[in-house]
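One structure is given below, encoded as structure tokens.
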Amino acid sequence: MTAGAARDHDRDRAHGHAADLDAPWPRGISRQATMRISDVLRALGQEFPSVSHSKLRFLEEQGLIEPVRTPSGYRQYSQADVERLRFVLTEQRDSYMPLKVIKERLAAMDADPDSAEHPAPRLAANGSPARRRWTAPAVAEAAGVTEEFVQSLAQAGLLPQSGSTFGPSAVEVARIAGALAEFGIEPRHLRTFRTAADRQVTLVDQVVAPLRSQQASAGRGKAASMAGEMGELFTRLHTAWVRQGIEDLG
């Protein structure tokens, strides 16, 4: 290698290192945009069954993801894009976090991508995705309860079944119900909670139904986002009422 070539090589390496230091979260994940939207849906679909073309486009419109556009106008994504999408969808699903808050947290993560407080990126190849359906023995093992207890939850209508399997939330419900059972609260006592939750879901559905029925992808994506935010508000309201009631007991 000539002296000039060596200097160019060193300069390119230094430039690449600097660019990496300036890269947004997640750092160290490929940013080469080689994935089509169908590839992204395939990568996320098992963990997030409801994710769709319209949902991805809505998140793009909200500035949470910025796929590369080909000269023909097609969107292309990188593995880093997929990780950011996984973070957004997880926060919506597990924490009912509003998109505005998620966007602010992503901005903070971009400003300091090496912070130990940030979640580590998790490529699909590095871990098994969440299970979409659970058998009673699997729910019992994961929740730390007996299979008989799981069946009692199902019989009380607290764990809707499809054939002989349960949905993704079954483990969390069984785990919480198991903890309450230690205080003598049986599955039959929880029916009113389930009924109240179903009524709240119905109310949310009435609000977002006009958006969900729109042909435009943005409308359907906004419907999903609104539903998540309203779910979080209902959860907070319920928590506030229960806490107030407990305080009044003292």
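The values are calculated or read from the model by the stated rules, or taken from the named source; none is laboratory data. These numbers come from a predicted model, not from an experiment. Note that each Cβ is placed from the backbone with ideal geometry, even for glycine, and that neighbours are counted across all protein chains shown. Please note that ligands, DNA and RNA were not included when accessible areas were found on the heavy atoms of the full protein model with its side chains. Shrake-Rupley method; radii C 1.70, N 1.55, O 1.52, S 1.80 Å.
Taking the criterion of being under 19 Å from the mean Cα position of the chain (by Cα), open to solvent by 50 Å² or more (accessible area, probe 1.4 Å) and over 17 Å from Ala196 (Cα atoms), would at least one residue in segment 226-244 satisfy it? Yes: segment 226-244 contains one or more residues that are under 19 Å from the mean Cα position of the chain (by Cα), open to solvent by 50 Å² or more (accessible area, probe 1.4 Å) and over 17 Å from Ala196 (Cα atoms). A residue that is out of contact with any Pro (no Cβ under 9 Å at 6 or more places or on another chain), hydroxyl-bearing (Ser, Thr, Tyr), part of a helix (DSSP H, G or I) and farther than 14 Å from Ser152 by Cα occurs nowhere in segment 205-215. For Ser30, state whether it is assigned to a helix (DSSP H, G or I), open to solvent by 40 Å² or more (accessible area, probe 1.4 Å), modelled with pLDDT under 90 and not aromatic (Phe, Trp, Tyr). The answer is no for Ser30.
Of the residues making up segment 66-78, those that are at pLDDT 90 or above and outside any strand (DSSP E or B) number 3.
Evaluating Ser164 against the criteria (1) closer than 29 Å to Ile102 by Cα; (2) open to solvent by 80 Å² or more (accessible area, probe 1.4 Å) leaves one unmet condition, (1).
One line per residue, one yes/no per condition, for (1) in contact with a strand residue (DSSP E or B) (Cβ under 6 Å, 6 or more places away or on another chain); (2) within 30 Å of Ser213 (Cβ to Cβ); (3) part of a helix (DSSP H, G or I); (4) at pLDDT below 80:
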site: Gly4; (1), (2), (3), (4): no, no, yes, yes
site: Ala14; (1), (2), (3), (4): no, no, yes, yes
site: Ala18; (1), (2), (3), (4): no, no, yes, yes
site: Phe48; (1), (2), (3), (4): no, yes, no, no
site: Ser54; (1), (2), (3), (4): no, yes, yes, no
site: Glu60; (1), (2), (3), (4): no, yes, yes, no
site: Leu64; (1), (2), (3), (4): no, yes, no, no
site: Ser115; (1), (2), (3), (4): no, no, no, yes
